[in-house]
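Written below as structure tokens is the structure these notes are about.
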Amino acid sequence: MKKITLFSVVFLLLAVVVVSGCTTQTTGNNSTDANKTFDKAGLSLQYPGNWSEKPIPANDQNLTTQSGFKMLTIVLDGNDIQNYTAYMGIGQSNITAGNLTEAANRLYQYYISAEAGDYSNSTNITLKNGYSGYEYTYGGTGASSGKSLDCKTYIFTKDNKTAYYIQFATPRGGFEPYKNIFQNIMDSVTIN
């Protein structure tokens, strides 16, 4: 009888441990680090604290410049443009024709279309803070990394005088785990 009772108690404790899920699993894209703030050229946003700003790759800078935008920074979850799990590029441009469509078309023509290749979709959007814009979702090859990527680029404005873009990218197939993080970044965007 003692053996059955001891066995029952051990079995019951084991069952409680398994069901309660006493262990947690974390990944690099679910950081508990405090957020960092990007605040330049009239644009402010929050991004994960374990991401870091890196030098802007020449190819990205050249394509952005051809489109009439100035690349402000890149921020990576990873070591460098050849070794990352998430990329965020940020740029700014004056709107020359008085509407965002003109700026979005320039960025698409000179930058996005240079990377897009596998699929491409464009949608009119309004960001959480009321800024109107466009969202481009596409797959292709990174201009600087040469990797197959999944990308989403937001182009938006507050006043139809200045356009901003924020581009998110992951190696192909890696976008889904970052989807909420990317959305949180976009929800934090303010234009001064």
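The values are calculated or read from the model by the stated rules, or taken from the named source; none is laboratory data. These numbers were taken from a predicted model, which means no experiment stands behind them. Neighbour counts run over all protein chains shown; Cβ positions are idealised from the backbone, glycine included. Heavy atoms of the whole protein, side chains included, go into the accessibility calculation; ligands, DNA and RNA do not. Shrake-Rupley method; radii C 1.70, N 1.55, O 1.52, S 1.80 Å.
Some points to look at:
- Fraction of the pair-distance distribution of the range 64-192 above 25 Å, Cα-Cα pairs, percent: 18
- Mean Cβ neighbour count within 10 Å, used as a protection proxy, ranking 62-70, 119-127 highest first: 62-70, 119-127
- Phi-based couplings in Hz for the range 52-59 (Karplus 6.51, -1.76, 1.60; Gly and Pro marked x): 9, 6, 10, x, 6, x, 4, 4
- When the Cα positions of Y87, Y164, G140 are compared along the charge dipole of the range 36-192, Y164 comes out farthest toward the positive end, with charges on each C-beta of Lys, Arg, Asp and Glu.
- Sorted peptide list for 88-101, 172-185, criterion being average Cβ within 10 angstrom, highest first: 88-101, 172-185
- Solvent exposure of the range 62-192 as accessible area per residue, Å², 1.4 Å probe: 42
- The range 83-185 - charge dipole about Cα centre, Lys and Arg +1 at Cβ, Asp and Glu -1, debye rounded to 20: 180
- Residue pairs, from the table K40/K158; K152/K179; K36/K147; K36/K161, whose Cα atoms sit over 20 Å apart: K36/K147; K36/K161
- With every protein chain in place, the range 42-109: carbon and sulfur % of accessible area (1.4 Å): 46
- Scalar couplings 3J(HN,Hα) for the range 84-101, obtained by applying the Karplus form with A = 6.51, B = -1.76, C = 1.60 to θ = phi - 60°, are 9, 10, 8, 10, 9, x, 10, x, 9, 8, 6, 8, 8, 9, x, 8, 5, 4 Hz; x denotes Gly and Pro.
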